[in-house]
Amino acid sequence: MHRRAFLKVSGTTAAGLAITGCLPRLSASTAPTRAAIRRPLNLVPVDASWERVIRTTVGLRPYRDSGFVVADERMDDKTVIHNYGHGGAGLSLSWGTGYLATELALAHTDRRAAVIGCGIVGLTAARQLQRHGFDVTIYAKALSPETTSNMSWAGFTPLSGLVATNKRTPQWDAQFRRAVEIAYREHQLLVGSGRGVFWVDEYFTMTTPSPAPGGESSLEAGMGGEPLLPPSVSVARTVLGPGEHPFSSPYAGRVPAMRFEPGIYLDALMRDVTAFGGRIVVRSFDSRQDLMALPERVIVNCTGLGAKTLFGDEELTPIKGQLTVLVPQPEVNYSIAGMTPRSDGIVLGHISQKRVWSMDVDEDARKKVVDRAIAFFRSMKAPVL
């Protein structure tokens, strides 16, 4: 679910999470400002066309109205620690919820742990456990590049997919805040490490120089706007006026945004897990009884949507996401209006369809996304050589 949709639903209710705490602080020193006329931005437009489409991917995000689950449960002589239901925020929150799951695991004397699932949530949970002295084995039905995490838009958007504020609790809010802080710090340290974590300038178009938090996007593709950051973080939003940017709108905003390349990131994490003595075993589980046969007494459940059947979580429902990727353009080094650049292609997105289990490509949605991108980037001014 898009960040802006979340803000509309949550409003300014006193109960539940204070959303403004996770937006960039715009204090006196960081408030939107405009200097005297600056040299125009020299941004290369995306060469968007149907002839440059190289793939379309579909993924089903595990969504719960009441938010993700990090909690333990006793099953016979084993302890199952649940860590699932992140909606569209798995890549954003995974290091944080993995740490919270590890804290629960540390309450047990056994230092052997099984992690079920090898997406981003399972891999980061495994690494957090290893950092705290656990011997870890990951059991998973699918590995990269076939996991749901591989089909992600992959930006640091910790509020993505979290909308039902009336169902959240103070305890969940506290978990969420800690997870955001931990994950944000961890991701900053991974930039430049070859793990596919990087910063990019994010632009959003505006009709006035002072938009509401979140900005406006000239495409309703769902990813324009400001990044969502922990309350301890302050970033400046630069406002660009007429003649200072190449977009067709009167004004544009610019903020730094964190992005991930899932293929690079997941493969690097798998290497890290095995380098620190972990094992990865390909297998599936059809019932709780299958889990009880594992030799490990501490089991961390990172199965995402699989927890619906395996653990009877009827609140779990999918949110279908779909991305269309164009031929890579290394000279495109910015993000705007549902476009983000990666080394494996220019990613356009995305759709967000709740309670849709189909993995088929939605052709109507794909056409809408690509046609909008073509129109948007054709309207950009050419760079000055």
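What follows draws every value from the coordinates through simple rules; no lab data is involved. Bear in mind that the values here come from a model prediction, so they are computed numbers and not experimental data. When we count neighbours, we look across all protein chains shown, and the Cβ atoms used for this are built from the backbone with ideal geometry, even at glycine.
Work out from phi, with θ = phi - 60° and the Karplus expression 6.51 cos²θ - 1.76 cosθ + 1.60, the ³J(HN,Hα) of each residue of region 300-311, listed in order in whole Hz, and give x for Gly and Pro.
Residue by residue, region 300-311 yields 9, 8, 10, 8, x, 4, x, 5, 4, 7, 5, 10 Hz.
What pairs from K308/K367; K167/K320; K141/K320; K78/K308; K167/K368; K78/K320 go past 25 Å between their alpha carbons?
Values: K308/K367 32 Å; K167/K320 22 Å; K141/K320 20 Å; K78/K308 20 Å; K167/K368 33 Å; K78/K320 33 Å.
Where the Cα-Cα span goes over 25 Å, the pairs concerned are K308/K367; K167/K368; K78/K320.
What do you get for Rg/Rh over region 75-213 if you use C-alpha atoms and the Kirkwood form of Rh? List each step's numbers first, then the result.
Working: Rg = 17.0 Å, Rh = 16.7 Å.
Taking Rg over the Kirkwood Rh, I get 1.02.
Using Cβ counts within 10 Å as a stand-in for footprinting exposure, how do T124, T157 rank, fewest first? Kindly include the intermediate steps, with their values, before the conclusion.
Values: T124 29, T157 22.
Going from sparsest to densest Cβ surroundings: T157, T124.
With the convex hull built on the Cα atoms of region 285-380, state its orientation-averaged projected area in nm². If you can, show how the numbers build up before the last one.
Working: hull surface 37.0 nm².
Answer in nm², one decimal: 9.2.
Could you pull out every residue, at least 5 positions away or on a different chain, whose amide H is within less than 5 Å of the one on T238? Hs are placed 1.01 Å off N in the peptide plane, and Pro or chain starts have none.
R254
Which of the peptides 290-301, 340-351, 362-373 is most tightly packed, and how do the rest follow, judged by the mean count of other Cβ atoms within 10 Å per residue?
Numbers: 290-301: 18.8, 340-351: 21.2, 362-373: 16.2.
My ranking of the peptides, most packed first, is 340-351, 290-301, 362-373.
Starting with the fewest neighbours, write out W199, W95, W357 ranked by other beta-carbon atoms found within 10 Å of each beta-carbon.
W357, W199, W95
Could you work out how far apart the two model spin labels at V191 and M292 are, taking each label as a point 7 Å from the Cα in the direction of the beta carbon, and quote it in nm?
Label at V191, label at M292, 4.9 nm between them.
If amide hydrogens are placed 1.01 Å from N in the peptide plane, which non-local residues have theirs closer than 5 Å to the one on Y63?
HN-HN under 5 Å from Y63: G87, T317, I319.
Out of residues 5 or more away from I351 or on other chains, whose amide H comes under 5 Å of its own, with H placed 1.01 Å from N in the peptide plane?
The answer is Q322.
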